[in-house]
Amino acid sequence: MRAAALLLAAAAPAASAQVVASGTIPDGTAAPVQAADARTVFPASVPQGSMVIGKVPPGSVVRYGGRTLRVTPYGSVVFGVGRDASGTLSVEIQPPGGAPQRAAITVTPRDFPTEYIQGVPPKTVNPPPEIAARIEREQAQVTAARVRDDERPDFAQPFQWPVQGRISGRFGNQRVYNGQKGSGHSGMDIAAPTGTPVKAPAAGVITFAAPDLYLTGGTVLLDHGHGVSSNFLHLSRIDVKVGDRIAQGQIVGAVGATGRATGPHLHWGMNWFDVRIDPLLVLERAQAAGKATP
């Protein structure tokens, strides 16, 4: 993700805000906190599906998308930009003792092709009423696990690939199952043999773990703090339980083909609360810093 000039619209001159052209946003938990940094830094533009990390003066109150964002001691904030977001996003910043600021971020559109998937069991494409009710209950449980807003800034780590393999499905692509149109793909599919260990792409806490959801089979949610989470679907084995503190690179389960799947692969999805974001963009951001390896 490219960090570029901050666009500010302040109600009064913001002398404490410093505009910078580029740079990686560090976080106080990843490196020692130095002297108070009064900079305000956000990217000028981001693609659809991005995880955006910005920098504000420590102690600021930051609002975006109807939420008050949690701010780390260093001054980092994070939020997600959905697949269908468009136009200009507005982030409101109230520095401590300073004038209000506004960061304007332009959303750049992406081309999402159509993926045609054949061989899916018909009952998973058009489930009967009793199965539809089960799916609704299960999805409500997963949704409930995504409301956490822990102050842990694990999201600030450079993310790593959870498995090695070919990308067999991309975030946002329109999906057609057995000729029937579905929704945009919610994550990234990585083809790998059944039993391949799945490693945590960043540290976090397990907030959901279930071996047999109807659509997603073996399912694990890993919370990275500040509303950012990863989900790992279609697992053949789960090696963690709810409440476990997980280190980056720790094995959470194994690749499988459980639930609605036509072959063994890992579906890796990411969310900022209920906003789905593209894991590949998160990896590319880390790779740009020279720290992501497939």
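The values are calculated or read from the model by the stated rules, or taken from the named source; none is laboratory data. Bear in mind the structure is a predicted one, so any value in this text is a computation, not a measurement. Cβ atoms come from the backbone with ideal geometry, glycine included; neighbour counts cover every protein chain shown.
How many of the residues making up region 109-131 are surrounded by 12 or more Cβ atoms within 10 Å (Cβ to Cβ) and under 28 Å from the mean Cα position of the chain (by Cα)?
7
Which of the numbered conditions does Val198 fail, given that it passes all the others? Conditions: (1) at pLDDT 85 or above; (2) within 28 Å of Val77 (Cβ to Cβ).
Result: Val198 fails condition (2) only.
Using the structure shown, decide if Trp272 is surrounded by 20 or more Cβ atoms within 10 Å (Cβ to Cβ), closer than 24 Å to Pro193 by Cα and among the aromatic types (Phe, Trp, Tyr).
When the stated conditions are applied, Trp272 does not pass them.
Just to verify a result, which residue in region 39-48, among those that are assigned to a loop (DSSP other than H, G, I, E, B) and modelled with pLDDT of 95 or more, is surrounded by the most Cβ atoms within 10 Å (Cβ to Cβ)?
It comes out as Phe42.
Which of the strands (runs of 3 or more DSSP E) contained wholly in region 156-229 include at least 1 residues that are surrounded by 20 or more Cβ atoms within 10 Å (Cβ to Cβ)?
Fully inside region 156-229 and qualifying: 174-177, 187-191, 197-199, 204-213, 217-225.
Criterion first (within 12 Å of Ile105 (Cα to Cα), among the small types (Gly, Ala, Ser) and either at pLDDT below 95 or surrounded by 20 or more Cβ atoms within 10 Å (Cβ to Cβ) (or both)) does Ala36 satisfy it?
For Ala36, the condition - within 12 Å of Ile105 (Cα to Cα), among the small types (Gly, Ala, Ser) and either at pLDDT below 95 or surrounded by 20 or more Cβ atoms within 10 Å (Cβ to Cβ) (or both) - is not met.
Take the residues in region 230-261 that are of a type in the set (Gly, Ala, Ser) and over 20 Å from Ala156 (Cβ atoms); name whichever of them is surrounded by the fewest Cβ atoms within 10 Å (Cβ to Cβ).
Gly243
So which strands (runs of 3 or more DSSP E) are wholly in region 49-102 and hold at least 2 residues that are surrounded by fewer than 19 Cβ atoms within 10 Å (Cβ to Cβ)?
Those strands (runs of 3 or more DSSP E) span 61-64, 67-69, 88-94.
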